[in-house]
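These notes concern the structure reproduced below.
The values are calculated or read from the model by the stated rules, or taken from the named source; none is laboratory data. Computed from a predicted structure; not experimentally measured. Because the Cβ atoms are built from the backbone with ideal geometry, glycine has one as well, and the counts that use them run over all protein chains shown.
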Amino acid sequence: MHKIKSLLNKLVKNKVTRFLTIVSLSLPVSIFAETAPSNVGQTIHQIQLQDQFDKPHQLSTDVKLVLFAADKAGGKLIQAWMNNKDDSFLKESSTVLIVDIHRMPSIFISTIGLPLLRRYSFSMLIIKDDQTGQIFANKEGQVTLLQLSNLTIKQIEFASSVTEIETMFHRFQK
């Protein structure tokens, strides 16, 4: 351990950069890999999550579409797509937004993450543990759209732009 510290000290002089290097080296490689897509036909068991206001929500059989973001880039896409939309839009379209923030350090979740999310005019269900998000297919930097019928996955798509989300949303609503 001393040899590793010594090597890092030589490589990285700045304390902040050294800290970030140590943290990034300690992260499991799997968080950077894409997850294999969930299977069409798979049933998602009812999930209970809290929104950014700590209000509990149950993923129910009424949900027709789930937009899932596993990372910051996906979350920004959802935010941009929801511009000028609110909870009534989500309810009318039977759509649920889910963001996985479990990789964010808990101190940042409480001091920065949740306060920022509370500014939005729409609810997002928040995943704070490392298990729940694994049931959703995801690709780095993209939003996963899951079309559901009675919590059974009918179709899975990945969107890397607001235009793609909008196109898929309208196609899934038909």
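From ILE126, ILE135, ILE112, grab the single residue that is surrounded by fewer than 17 Cβ atoms within 10 Å (Cβ to Cβ), in contact (Cβ under 8 Å) with a residue 12 or more places away in the chain and more than 21 Å from GLU164 (Cβ to Cβ).
Unique residue meeting the criteria: ILE135.
Among the residues of segment 73-86, count how many are surrounded by 13 or more Cβ atoms within 10 Å (Cβ to Cβ) and within 26 Å of ASP129 (Cα to Cα).
Residues meeting the conditions: 9.
Wholly within segment 40-143, which strands (runs of 3 or more DSSP E) include no fewer than the required count, namely at least 3 residues that are out of contact with any strand residue (DSSP E or B) (no Cβ under 9 Å at 6 or more places or on another chain)?
none
PHE172 versus (1) under 20 Å from ASP51 (Cβ atoms); (2) at pLDDT below 95; (3) among the aromatic types (Phe, Trp, Tyr); (4) surrounded by fewer than 20 Cβ atoms within 10 Å (Cβ to Cβ): which is the lone unmet condition?
(1)
Condition check: farther than 14 Å from SER38 by Cβ and buried (at least 17 other Cβ atoms within 10 Å of the Cβ). Does LEU97 satisfy that?
Judged against the criteria, LEU97 is a match.
Considering only residues that are more than 21 Å from GLN147 (Cβ to Cβ) and touching a residue at least 24 places away in the same chain (Cβ under 8 Å), which ones fall in segment 43-78?
GLN50, ASP51, GLN52, PHE53, LYS55, ASP71, ALA73
Tally the residues that are assigned to a strand (DSSP E or B) and either outside the structural domain of SER93 (by TED's automatic domain parsing) or surrounded by 16 or more Cβ atoms within 10 Å (Cβ to Cβ) (or both), restricting the search to segment 144-169.
Number satisfying all stated conditions: 10.
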